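The values are calculated or read from the model by the stated rules, or taken from the named source; none is laboratory data. Small disclaimer: the values here were computed from a predicted structure and weren't measured. Quick reminder, even Gly has a Cβ in these numbers, built from the backbone with ideal geometry, and neighbours come from all protein chains shown. To get the accessible areas, we keep the full protein, side chains included, count just its heavy atoms, and leave off ligands, DNA and RNA. Shrake-Rupley method; radii C 1.70, N 1.55, O 1.52, S 1.80 Å.
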Amino acid sequence: MPIRIIHTADNHIGLPFKQYPADVAAKLIEERFLALERLVAEANSRNAHFFVVAGDLFDSPRVKKEDIDKAAAVLRSFDGVAAIVVPGNHDHFANAETELWKRFRRATEADAGIDLLVEPAVKTYDVEGQAVHFFPCHCPSKTGAEPTIGWVAEAASQFATGLKIGIAHGNVTGLGLDAEGQYFNMEPADLEAAGLATWLLGHIHVPFPTSASGDQAPYFMAGTHTPDSLRCRHAGSAWSIECEADRVARYERLAPGKIAFQRLEPELLSADDVADLIRACEALDAGS
């Protein structure tokens with residue numbers, strides 16, 4: 001039986017969108033929740049076993065309590081074996097007194113199907129007789145010069161059987177820019193040498209692999225689940241991944257976002273140019 005996983009990251013619940021008018025900001029804030037709801041609904045429709053958030057579920061450690069409760073309620077609607085949450089650099093877990101995660105735990109303590117993984121230790125699940133081992137690598141701070149994955153290779157070598165999957169948050173050399181080495185930068189060779197079936201990653205808001213579907217990948221970058229600015233050129237992304245035995249067998253990119261940012265920069269030299277701009281604006285889908 002294939003093990004089915006939905007992989008998301010960089011949801012940034014609580015992003016305030018202060019640069020926009022209040023009514024627009026309210027719509028963008030709500031879209032972050034709605035896109036997460038769509039993704040959980042898609043996971044349920046695909047009978048996914050795991051829903052994995054690879055960091056930055058929240059935009060900051062100071063997100064509002066009602067936003068924490070609302071995000072927790074969305075995750076509670078997942079019907080699979082477990083919704084797994086690993087803190088990223090924006091919502092880092094410094095210690096057990098980190099207020100954000102204390103509140104999140106209070107909001108999810110009644111649900112055994114939500115696991116906040118904040119220790120460098122293997123988490124094993126049994127799925128109808130199949131062992132699935134997750135290797136979580138959370139961010140302990142907003143920035144960090146060293147990756148958090150150093151413990152994984154040795155730990156993975158202790159398991160002769162079972163599906164082995166890493167979860168981490170940070171830059172990957174060649175995928176994103178980290179000139180000053182501040183964002184837990186990981187080398188592709190180190191990820192591949194860890195001896196896992198694949199890695200589920202967060203931090204870079206653009207999805208990887210670049211192909212929309214395939215049958216193998218050494219690591220996945222989820223990308224943000226719904227556009228958050230003009231810099232986001234995709235429609236929001238996440239991954240549906242199926243694993244068989246000890247490898248990735250199939251993957252498919254999902255697009256849970258329903259809004260888009262578009263910049264128009266016409267050169268206005270005549271009344272005709274203005275009329276063309278008006279028509280271009282009227283052709284846009286105002287609802288999205």
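Please report the antiparallel percentage of the DSSP beta bridges confined to the range 57-144, to the nearest 5.
60
Looking at the range 202-259, which GluC sites (Glu not before Pro) are in a loop (DSSP not H, G, I, E or B) and have at most 13 other Cβ atoms within 10 Å?
Here no GluC sites (Glu not before Pro) fit, given the DSSP loop and packing criteria.
Nearest 5 percent is fine: what portion of the DSSP beta bridges confined to the range 1-156 is antiparallel?
Bridges in the range 1-156 are about 30 percent antiparallel.
Go through the range 131-142 residue by residue and turn each phi into a ³J(HN,Hα) via Karplus (6.51, -1.76, 1.60, θ = phi - 60°); whole Hz please, and just put x for glycine and proline.
Taking θ as phi minus 60°, the curve returns 8, 10, 9, 9, 10, x, 10, 7, 8, x, 7, 5 Hz for the range 131-142.
How big is the antiparallel share of DSSP beta bridges in the chain, given as a percent to the nearest 5?
On the way: 20 of 50 bridges.
Close to 40 percent.
Any idea which of PRO87, LEU230, ALA71 is furthest toward the positive side of the dipole for the chain, if Lys and Arg beta-carbons carry +1 and Asp and Glu beta-carbons -1?
ALA71
What is the range 10-127 by shape, rounded, prolate or oblate, if you read a ≥ b ≥ c off the alpha carbon gyration tensor as root eigenvalues and call it rounded for a/c under 1.5, prolate for a/b larger than b/c, and oblate otherwise?
oblate
What number do you get for the range 81-168 when its Cα radius of gyration is normalised by 2.2 N^0.38 Å, N = residues? Please report the intermediate quantities before stating the final value.
On the way: Rg = 13.9 Å, N = 88, 2.2 N^0.38 = 12.1 Å.
Dividing the Cα radius of gyration by 2.2 N^0.38 Å gives 1.15.
Pick out, in residue order, every one of the trypsin sites (Lys or Arg not before Pro) in the range 10-47 that is DSSP loop and has at most 13 other C-beta atoms within 10 Å; say none if there are none.
Answer in residue order: LYS18.
Can you compute the modelled spin-label distance between ALA260 and GLU154, with each label point 7 Å from Cα toward Cβ, in nm?
Each label point is offset 7 Å from its Cα along the Cβ direction, giving 5.0 nm.
Grab the DSSP H runs of the chain that are 4 residues or longer, score each as -39,500 (n - 2.57), total them, divide by all residues and round the 222 nm result to the nearest 500 deg cm²/dmol.
The helix contribution divided over the chain gives -7500 deg cm²/dmol.
Going Cα to Cα from LYS258, which aspartates and glutamates come in below 13 Å? Please leave out same-chain ones fewer than 8 positions away.
GLU30, GLU31, GLU37, ASP228, ASP285
If you look at just the Cα atoms of the range 148-288, how large are its Rg and its Dmax in Å?
20.3, 72
Rolling a 1.4 angstrom probe over the protein heavy atoms, how many square angstrom per residue are accessible across the range 11-123?
Normalised by residue count, the accessible surface of the range 11-123 is 43 Å².
Cα-Cα over 30 Å: which of LYS70/LYS142; LYS27/LYS164; LYS64/LYS142? Intermediate values should be presented prior to the final figure.
Details: LYS70/LYS142 24 Å; LYS27/LYS164 39 Å; LYS64/LYS142 19 Å.
Check vs 30 Å cut-off fails for LYS27/LYS164.
So which DSSP H runs in the chain come out at 24 Å plus along the axis (Cα) with average Kyte-Doolittle of at least 0.0? Write down the numbers at each step before the final one.
Values: long enough: 22-45 (34 Å, 0.29).
Long hydrophobic helices here: 22-45.
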